[in-house]
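Below: one structure in structure tokens.
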Amino acid sequence: MTDMRTPLARARNHGSAKEGNEHWWMTKLTAIALVPLSFWFVWACVHLVGADHAAFAAFLGTHGNGLMMVLFVATAFYHLALGLQVVIEDYVHVEWQKIAALVIVKFGCVALGASCVIAVLRLAFGG
């Protein structure tokens with residue numbers, strides 16, 4: 001039996017989910033935000049070479065360094081989740097594997113990011 005629908009009718013509901021533009025923008029914005037945050041992170045690492053636990057905790061507790069670390073971690077894990085989502089969507093072709101991988105990546109990034117943020121806050125506030 002031949003398909004009597006027009007090419008447009010056949011393409012409906014198989015195209016863009018209208019989320020690609022937002023995903024692209026968020027990837028670019030997080031990449032731009034990571035530039036100064038990465039410079040700060042490298043500066044902090046160089047500044048803390050040879051520091052003990054107490055010095056590191058004191059560093060995170062002063063001059064907004066704890067905030068900068070939380071911003072760096074949160075932005076980095078969000079950017080990681082966005083990037084891995086694109087890779088999985090492009091290269092995993094079995095639908096259930098794609099969904100499973102996306103769920104694992106999302107939960108993993110949230111869990112690891114939250115764990116890092118909690119660790120930074122505990123150090124910064126002396127917990």
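The values are calculated or read from the model by the stated rules, or taken from the named source; none is laboratory data. As the structure is a prediction and not an experimental result, all values here were calculated from the model. Methodologically, a virtual Cβ is constructed for each residue, glycine included, from the backbone with ideal geometry; neighbour enumeration extends over all protein chains shown.
Scan region 84-105 and give yes if some residue there is touching a residue at least 40 places away in the same chain (Cβ under 8 Å), at negative phi and within 22 Å of the chain's Cα centre (by Cα), otherwise no. Even if it seems obvious, please write down each step before you answer.
Let us first name the residues in region 84-105 that are touching a residue at least 40 places away in the same chain (Cβ under 8 Å), namely 85-86.
Subsequent filtering for residues that are at negative phi retains 85-86.
Okay, now just the ones that are also within 22 Å of the chain's Cα centre (by Cα), so 85-86.
Checked against the condition, which is being touching a residue at least 40 places away in the same chain (Cβ under 8 Å), at negative phi and within 22 Å of the chain's Cα centre (by Cα), region 84-105 yields at least one hit.
Please pick out the residue among PHE72, PHE107 that is closer than 28 Å to GLY20 by Cα, touching a helix residue (DSSP H, G or I) at 6+ places or on another chain (Cβ under 6 Å) and modelled with pLDDT of 95 or more.
Values: PHE107 fails: touching a helix residue (DSSP H, G or I) at 6+ places or on another chain (Cβ under 6 Å).
So the residue among PHE72, PHE107 that is closer than 28 Å to GLY20 by Cα, touching a helix residue (DSSP H, G or I) at 6+ places or on another chain (Cβ under 6 Å) and modelled with pLDDT of 95 or more is PHE72.
Return the pair list, or none, for Cβ contacts closer than 7 Å from residues in region 109-121 that are among the small types (Gly, Ala, Ser) to residues that are assigned to a helix (DSSP H, G or I), at least 6 apart or on different chains.
Between residues of region 109-121 that are among the small types (Gly, Ala, Ser) and residues that are assigned to a helix (DSSP H, G or I), the close pairs are GLY113/VAL73; GLY113/ALA74; GLY113/PHE77.
Search region 1-55 for residues being of a type in the set (Lys, Arg) and more than 23 Å from MET69 (Cα to Cα), and hand back the single one that is modelled with the lowest pLDDT.
Within region 1-55, the first condition is being of a type in the set (Lys, Arg), and the residues that meet it are 5, 10, 12, 18, 28.
Still in the list and also more than 23 Å from MET69 (Cα to Cα): 5, 10, 12, 18.
Values: ARG5: 76, ARG10: 66, ARG12: 66, LYS18: 60.
Per the criteria, the residue is LYS18.
Please indicate, with yes or no, whether at least one residue in region 73-83 is out of contact with any Pro (no Cβ under 7 Å at 6 or more places or on another chain), free of Cβ contacts under 8 Å to residues at least 24 places away in the same chain and closer than 23 Å to LYS28 by Cβ. Spell out how you get there, then give the answer.
Just the residues of region 73-83 that are out of contact with any Pro (no Cβ under 7 Å at 6 or more places or on another chain), to begin with: 73-83.
The next check asks that each one be free of Cβ contacts under 8 Å to residues at least 24 places away in the same chain; those that pass are none.
Checked region 73-83: no residue is out of contact with any Pro (no Cβ under 7 Å at 6 or more places or on another chain), free of Cβ contacts under 8 Å to residues at least 24 places away in the same chain and closer than 23 Å to LYS28 by Cβ.
Okay, moving on. Within region 66-105, which residues are within 16 Å of ILE118 (Cβ to Cβ) and out of contact with any Gly (no Cβ under 9 Å at 6 or more places or on another chain)?
Scanning region 66-105 gives GLY66, LEU67, MET69, VAL70, LEU71, PHE72.
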